[in-house]
Amino acid sequence: VSVAAPPVRDGAVLISNDGRIEAVGADHDVPRPPNAETREFPKGILLPGLINTHTHLELSFLRGAVRQPEFHRWVAEVRDRKAATPPEAFLASAEEGVRECFASGITTVADCGDSGAVIQTLNRLGGRGFAYHEVFGPDPARAGESMRGLTASLDRLARFETKRVRLGISPHAPYTVSAELFRAAARLAEELDLPLAIHIAESPAESALVQKGEGPFADALRARGIAVEGTGGSPVEFLEQVGALERRPLCVHAVQAGDDDLATLKRWDAPVAHCPRSNAAHGHGAAGVARMRALGLRVGLGSDSVASVPAIDLFAEAREAQKLAGCTAAEAVRWMTLDGARALGMQTAVGSLEVGKRGDACVVEVGVNGSPESSVITHGSPQHVRLTVIEGRPVREG
Ligand SMILES: [Zn+2]
């Protein structure tokens, strides 16, 4: 299933030593150089490597550990547990997360975190993606301090960037980042030409804070002595006001985005990372993905962290997304692959099996009952993944 063309029975792909796809099609048409290392999966379905547009891989240690049901308390507990964790523990946690991605067919991630462990791990294990370095600071008086910390972190982590792994910036969310800090982070992203990712329009509590200066997030900020005022507008309008949409940020969640907000995102060509299982787990409601797709917004699928969902499973995300969007299985497969690549601006490199693209692929064995796409969407799970390769190099087998 190349995604770029209809599925081919007994298909094959040839990946060159430099990691590019050299040929793709029916097995008898794809050359087999005498020295080529081969893998055969008579019962397998070969797909492009899956693209996970939202992860927090450094938080693997919080799998199932955060039990606060209310979102603002959940956010506070994650923050406290991170603060109580020694820096070196994040490397082991990030490695668990990256390996979990590989084991589930994912070859590209768009990851948010603030330990720096994920870019180091992607670098070391040969993964692909963006590591958006998070910055926090709801107190406008301390925006300068937060920016100095961010700049120092970016300087420290730049040496882990490769052709496959890039840094980005993530001003976390409107309930953890002041308008001043949003503006400064967006300016820095512009200056350094780094991509942005922002959690936006996720919960009703966030909307209440931004619009009216009310609700549990507003109360918690006031309790810390931080003055809070409503803007009168939605979280997406707020992003526009602080100049963040100009950078076409990856907008994570966008559950509470109404029609006007979606039109605004479309106007700026800001992509969305849709995380259906996380949204459902926190009771945020269902994102308007059918509307997003009808508008032509770029929308990828994301798992979010295992503090929100039980495991990284893009097949399960695609099943949920398919129900919400009312799309076909073939469209859902495209959503896990090429649409995700488009959301990250990587569609010329990955997302489909096409000559000239990078050789990122995975094989699932689910048995074909009907079309291969419907088999993948109906039955696919990380347990069915037999092989994951990045630029032709196996990162997971078995
Ligand atoms: Zn997130």
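The values are calculated or read from the model by the stated rules, or taken from the named source; none is laboratory data. On a predicted model such as this, the values are computed, not experimentally measured, just so you know. Note: ideal-geometry Cβ built from the backbone for every residue, glycine included; neighbour counts use all protein chains shown.
Structure data summary
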quantity	calculated
Check on residue 377, in contact with a Phe, Trp or Tyr (Cβ under 9 Å, 6 or more places away or on another chain), under 14 Å from residue 3 (Cβ atoms) and buried (at least 23 other Cβ atoms within 10 Å of the Cβ)	yes
Among (1) crowded, with 24+ Cβ neighbours inside 10 Å; (2) among the hydrophobic types (A, V, I, L, M, F, W, C); (3) not in a helix (DSSP H, G or I) - the single one residue 332 does not satisfy	(3)
Qualifying residue in the stretch 194-207 (condition: at pLDDT 95 or above, in contact with a Gly (Cβ under 6 Å, 6 or more places away or on another chain) and over 29 Å from residue 259 (Cβ atoms))	yes
Test for residue 97: is it out of contact with any Phe, Trp or Tyr (no Cβ under 6 Å at 6 or more places or on another chain), in contact (Cβ under 8 Å) with a residue 40 or more places away in the chain and assigned to a loop (DSSP other than H, G, I, E, B)	no
Lone qualifier among 248, 267 - being farther than 19 Å from residue 134 by Cα and among the basic types (Lys, Arg)	267
The lone exception for residue 317 - which of (1) within 16 Å of the ligand (Cβ to nearest atom); (2) surrounded by fewer than 23 Cβ atoms within 10 Å (Cβ to Cβ) it fails	(2)
Near pairs, Cβ below 7 angstrom, 6+ apart or cross-chain, from the stretch 130-144 (farther than 21 Å from residue 109 by Cβ) to any residue that is part of a loop (DSSP other than H, G, I, E, B) and of a type in the set (Gly, Ala, Ser)	137/178; 138/178; 139/178; 140/178; 143/178
Filter pass, residue 8 being over 22 Å from the mean Cα position of the chain (by Cα) and buried (at least 17 other Cβ atoms within 10 Å of the Cβ)	yes
Test: residue in the stretch 345-362 that is under 27 Å from residue 284 (Cβ atoms) and within 16 Å of the ligand (Cβ to nearest atom)	no
So residue 275, is it within 22 Å of residue 385 (Cβ to Cβ), crowded, with 24+ Cβ neighbours inside 10 Å, within 16 Å of the ligand (Cβ to nearest atom) and not small (Gly, Ala, Ser)	yes
Matching option when the condition is over 30 Å from residue 172 (Cα atoms), touching a residue at least 40 places away in the same chain (Cβ under 8 Å) and not hydrophobic (A, V, I, L, M, F, W, C), among 22, 40, 58, 70	22
Yes/no for residue 64 being surrounded by fewer than 18 Cβ atoms within 10 Å (Cβ to Cβ), over 23 Å from residue 254 (Cβ atoms), of a type in the set (Gly, Ala, Ser) and away from the ligand (no atom under 13 Å from the Cβ)	yes
Any hit, the stretch 22-33, residues being on the phi > 0 side of the Ramachandran plot, more than 29 Å from the chain's Cα centre (by Cα), of a type outside the set (Phe, Trp, Tyr) and surrounded by 12 or more Cβ atoms within 10 Å (Cβ to Cβ)	yes
Of all residues in the stretch 67-119 being among the acidic types (Asp, Glu) and away from the ligand (no atom under 15 Å from the Cβ), the one that is surrounded by the fewest Cβ atoms within 10 Å (Cβ to Cβ)	88
Residues within the stretch 364-374 that are assigned to a loop (DSSP other than H, G, I, E, B), touching a residue at least 12 places away in the same chain (Cβ under 8 Å) and surrounded by fewer than 20 Cβ atoms within 10 Å (Cβ to Cβ), tallied	4
Residues of the stretch 100-138 satisfying the condition of being of a type in the set (A, V, I, L, M), part of a strand (DSSP E or B) and under 15 Å from residue 159 (Cα atoms)	131
Members of the stretch 335-363 found to be touching a helix residue (DSSP H, G or I) at 6+ places or on another chain (Cβ under 7 Å), within 15 Å of residue 46 (Cα to Cα) and buried (at least 24 other Cβ atoms within 10 Å of the Cβ), listed by number	336, 350, 351
The listed residue being modelled with pLDDT of 95 or more, away from the ligand (no atom under 15 Å from the Cβ) and buried (at least 24 other Cβ atoms within 10 Å of the Cβ), out of 1, 13	1
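Quick grid of which residues meet (1) aromatic (Phe, Trp, Tyr); (2) within 21 Å of residue 274 (Cα to Cα); (3) not in a loop (DSSP other than H, G, I, E, B):
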position: 199; (1), (2), (3): no, yes, yes
position: 211; (1), (2), (3): no, no, yes
position: 229; (1), (2), (3): no, no, no
position: 233; (1), (2), (3): no, no, no
position: 239; (1), (2), (3): no, yes, yes
position: 246; (1), (2), (3): no, yes, yes
